[in-house]
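To start, the structure under review is shown below, and the notes come after it.
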Number of protein chains: 4
Amino acid sequence: MRIKEGNKEEDIIKAATRVFADAGFHNARMSRIADVAEVSNGSLYVYYKNKEEILMKILEGFWKELYDRTLELTNRDDITNAEKFDFMMDMLFDTFAENPDSAIIIANEQKHFQHRRQENLTSYFDKFIDLGERIVAEGVEKDMFNKNIDASLLRIFLLGGISELILEWAMNKSKISLNDIRSTVKFTVKHGILKNGK
Amino acid sequence: MRIKEGNKEEDIIKAATRVFADAGFHNARMSRIADVAEVSNGSLYVYYKNKEEILMKILEGFWKELYDRTLELTNRDDITNAEKFDFMMDMLFDTFAENPDSAIIIANEQKHFQHRRQENLTSYFDKFIDLGERIVAEGVEKDMFNKNIDASLLRIFLLGGISELILEWAMNKSKISLNDIRSTVKFTVKHGILKNGK
Amino acid sequence: MRIKEGNKEEDIIKAATRVFADAGFHNARMSRIADVAEVSNGSLYVYYKNKEEILMKILEGFWKELYDRTLELTNRDDITNAEKFDFMMDMLFDTFAENPDSAIIIANEQKHFQHRRQENLTSYFDKFIDLGERIVAEGVEKDMFNKNIDASLLRIFLLGGISELILEWAMNKSKISLNDIRSTVKFTVKHGILKNGK
Amino acid sequence: MRIKEGNKEEDIIKAATRVFADAGFHNARMSRIADVAEVSNGSLYVYYKNKEEILMKILEGFWKELYDRTLELTNRDDITNAEKFDFMMDMLFDTFAENPDSAIIIANEQKHFQHRRQENLTSYFDKFIDLGERIVAEGVEKDMFNKNIDASLLRIFLLGGISELILEWAMNKSKISLNDIRSTVKFTVKHGILKNGK
DNA sequence: TATGAATGAGGATTCATTCAT
DNA sequence: GATGAATGAATCCTCATTCAT
């Protein structure tokens, strides 16, 4: 068995993450990924079926990390749903912040592949979404959140808004402070833009 | 030779809108657009420089329509900024609702041209954005909106969230009511999710 | 419309016939065919779906020519079935002789693609085969041919033997005389190798 | 490490025979052969130089078996050449019948190595051919076979015809009786199709 | 303007073969 | 000998774009 120095499987994912973030999925070249990963073209296909599978692994990897970080939170009963919500948003921002390339990929490419995500019912993205929806729904039930909030619509809205902000931040790090973004989002979502909630 | 009765230039845009919405920009075939437009392949290039230009025209067309609808509003001084904001959101939703294919394209592909758009002041997208930011900024100045709202971040957030919702709606019309979406968004953004805005 | 000088569709078939005969289907390169046909790579795919379709057209073209040449013969009633048989063999040899490259291709490649020839029920190869079987079967009925001859087996045997001979001839023209081949085959099939048919 | 109990060298040949027969030489995958042989990819190359050499060994193995079975016959002087010819045909059919996968490979792929075989006198195929040609040539000399029979052409014809029939039989065992094939071939070759050999 | 046949650069993928262990 | 991860050359095909008419 030849040496498997440095875990090629992981190297490829890392390389692909950088390349996809830079060029976008469609303009990214497999040969470029192989170069960056310091691996032969053929090795890409030892570990992954094709280009799309590499993208999927990147996306799933991100959502799995986020899901794992968030999971234990939801079962706690010593904190309010508002606190849980806050915490979840923090996790989301933190994980994006730590993985700016993944953030870019998610903002740019995830939608295109959402459609065929029918077999993916075990997907960590879906699991994370569920977690979020449950926290909001419970908050509504417990009369902590406004009744006319639809948890399912809210999560689409939030995710869309945040990933757009994160994209802007990731493409443009110098100009935008992630903390400004985070506090703007959290404040707005919790209190609204109208002064005195009015 | 086909007599130019049906305005090819427009036919192409209409066809491309349908094709891009269906297949996504990268998977859309120029020949398919030509087919749908009932025009030859070559004619596409009589009216447009290339595939990307067609996409740009579609996007600009959408934003121009929206901008035109919204412009006069901003100069009025008989309504509050909160009312202006409300109105602007309504326009946005209405225009999306009337152009679901464009909505899909915007949600999926707007980024493509965001990148090369660098403060292009002739762009109707930028003009529309300016309008929105000004309404919010003024609202803050007039002490009607919360001070810690950053207008520029808010618009990215809002646009991202709304386009994600609209995409969901456009891909899935039967299941989601556009009015539910609209009222959820408006309420959340104005009042926040916390009961009593607290 | 750009000039279509020299009928590219046909040029491609001619070039492919030469290239397939030289290198074999699997080792033949599409780019080589394009070169020989003095056509761009892309043009190959304007006229044919893929490499395999080009091969099929070559094979069908050959059998169509042979079938057309042989068809009228079968309906004549002024000649015996032995004469018809003779004539058919001559046509087969002549057509092979006039198309040595096709002969090589048929000998080398036809078998590989016979299997998926299920939809091809209108195939000229099958039609030609039918013609031959009918002549033999009738000969048997009319008591002109030996009763224990199975027409269906005979045609497989004959075609296999002849195409092998033709291949040898086509690969090796200087050494073997086509007329020797033809008379050997005809004599053997009609009279057998045993002297006095005994 | 697998203990070398099952003779890998032979296992590989057996596996390759099945795989080549199923898929054809060009579509057969080395990794599939390794799978079927229950051997690693690398082991294939411990025993054989490359894919083609495996094919050659299969073909040679077949012809060697046939040659060995036929050799002693030719030196006998207590039987006529017609009987020898008959016997040789029987051996050919029997050996094909016992090795249907080899039969398929021979019918489909023998040409691959025919080309590079240039009077390779160590080849069992050539030795077998020589045997056959000698029997026929002697038969002609002894005035037992018709004078105008060219032994060399006859063997090409026979082998081509028979391998085609055998292929049909091997691919389609249920429908065709090998004995029918054999007697049709033997009768035709010896007596011809014309009644009374006339 | 309008056409659509022609182009050809470009890239994902395959798979026989190698070689360090 | 045995392994199987690693290799990378090699090629079919796609499709946006062009251009002679």
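Every number in this text was worked out from the coordinates using simple rules, so none of it is lab data. All values reported here derive from a predicted model rather than from experimental measurement. No Cβ is skipped: glycine too gets one built from the backbone with ideal geometry, and neighbour counts run over all protein chains shown.
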Entries of A:111/B:147; A:84/A:127; C:14/C:111; D:51/D:186; A:49/B:49; A:111/A:186 with Cα pairs more than 27 Å apart: A:111/B:147; D:51/D:186; A:49/B:49
Prolate/oblate/rounded call for region C:51-197, Cα gyration tensor, a/c under 1.5 rounded: oblate
Centroid-to-centroid separation of region D:7-24 and region A:120-166 [C-alpha atoms, Å]: 57 Å
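Mind putting a number on the dipole of the protein assembly as shown about its Cα centre? Charges go on the C-beta only, +1 for Lys and Arg and -1 for Asp and Glu, and I need it in Debye to the nearest 20.
Values: 116 positive and 132 negative charges, 52 e Å.
Rounded to the nearest 20 debye, it is 240 debye.
Could you tell me what a quarter of the Cα convex hull surface of region D:1-48 works out to, in nm² with one decimal place? Intermediate values should be presented prior to the final figure.
Values: hull surface 12.0 nm².
So the mean shadow area of the Cα hull is 3.0 nm².
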Ascending list, in nanometres, of distances separating the residue B:46 label from those of the other copies (7 Å, Cα toward Cβ): 2.0, 5.5, 7.0
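Please arrange C:80, A:184 by counting, for each residue, the other beta carbons lying within 10 Å of its beta carbon, fewest first. Could the numbers behind the result be given before it?
Working: C:80 13, A:184 20.
So the residues, fewest neighbours to most, are C:80, A:184.
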Label 7 Å beyond Cα on the Cβ vector: residue C:31 copy-to-copy distances, nm: 1.2, 2.2, 2.5
Shielding score for C:137-149, defined as the mean number of other chain Cβ atoms within 10 Å: 3
Nearest-ten-degree value, helix A:81-98 long axis tilted from longest Cα axis of chain A: 30 degrees
Residue-wise HN-Hα coupling along region B:173-189, computed from phi with Karplus coefficients 6.51, -1.76, 1.60 (Hz; x: Gly, Pro): 3, 4, 8, 10, 8, 5, 5, 4, 4, 4, 6, 4, 4, 4, 4, 4, 5
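What GluC sites (Glu not before Pro) in region D:16-105 are in a loop by DSSP, with at most 13 other Cβ atoms within 10 Å of the Cβ?
Within region D:16-105, the qualifying GluC sites (Glu not before Pro) (loop, at most 13 other Cβ atoms within 10 Å) are D:38.
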With Cα atoms, 0 to 90° folded angle of helix A:8-23 axis to chain A main axis: 70 degrees
Dipole of the protein assembly as shown, positive end: most advanced residue of C:145, A:162, A:135 [Cβ charges, Cα centre]: A:162
Residues A:102, B:123, sorted so that the one with the fewest Cβ neighbours within 10 Å comes first: B:123, A:102
Label distances, nm, residue B:14 versus same residue in remaining copies, Cβ-directed 7 Å point: 4.7, 5.4, 7.0
Per-selection Kirkwood Rh - region B:24-82 (Cα, Å, 1 d.p.): 14.1 Å
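Taking the Cβ of each residue in C:17, C:70 as the centre, tally the other Cβ atoms inside 10 Å and list the residues starting with the fewest. Intermediate results must be reported in sequence, preceding the final value.
Working: C:17 24, C:70 21.
Least to most surrounded, the residues fall as C:70, C:17.
Under the definition of partner shielding as Cβ atoms of other protein chains within 10 Å of a residue Cβ, what is the mean value for peptide B:176-188?
Details: counts 4, 1, 0, 0, 4, 4, 1, 3, 9, 4, 1, 5, 13.
Mean number of neighbouring Cβ atoms from other chains: 4.
Pick out, in residue order, every one of the trypsin sites (Lys or Arg not before Pro) in region A:1-75 that is DSSP loop and has at most 10 other C-beta atoms within 10 Å; say none if there are none. If you can, show how the numbers build up before the last one.
Working: sites: A:2, A:4, A:8, A:14, A:18, A:29, A:32, A:49, A:51, A:57, A:64, A:69; in loops: A:2, A:4, A:29, A:49.
Within region A:1-75, the qualifying trypsin sites (Lys or Arg not before Pro) (loop, at most 10 other Cβ atoms within 10 Å) are A:2, A:4, A:49.
Relative to the Cα centre, what is the charge dipole magnitude of region B:1-48, using +1 at the beta carbon of each Lys and Arg, -1 at the beta carbon of each Asp and Glu, and rounding to the nearest 20 debye? If you can, show how the numbers build up before the last one.
Numbers: 7 positive and 7 negative charges, 20 e Å.
It works out to roughly 100 debye.
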Positive-end residue, region B:1-154 charge dipole about Cα centroid, Cβ charges, pick of B:87, B:19, B:63: B:19
All aspartates and glutamates inside 13 Å of residue D:190 as judged from Cα atoms, apart from same-chain residues fewer than 8 positions distant: D:83, D:86
Cα convex hull of region A:1-114 - mean projected area over all directions, nm²: 8.7 nm²
Kirkwood estimate for the protein assembly as shown, i.e. one over the average of 1/r between Cα atoms, Å: 33.3 Å
Chain C, relative contact order in percent, only Cα pairs under 8 angstrom and at least six apart counted: 21 percent
About the Cα centre, charge dipole magnitude for chain C (Lys/Arg +1, Asp/Glu -1 at Cβ), debye: 480 debye
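What number, rounded to the nearest 500 deg cm²/dmol, is the helix-based mean residue ellipticity at 222 nm of the protein assembly as shown, given -39500 (n - 2.57) per DSSP H run of at least four residues and division by all its residues?
-24000 deg cm²/dmol
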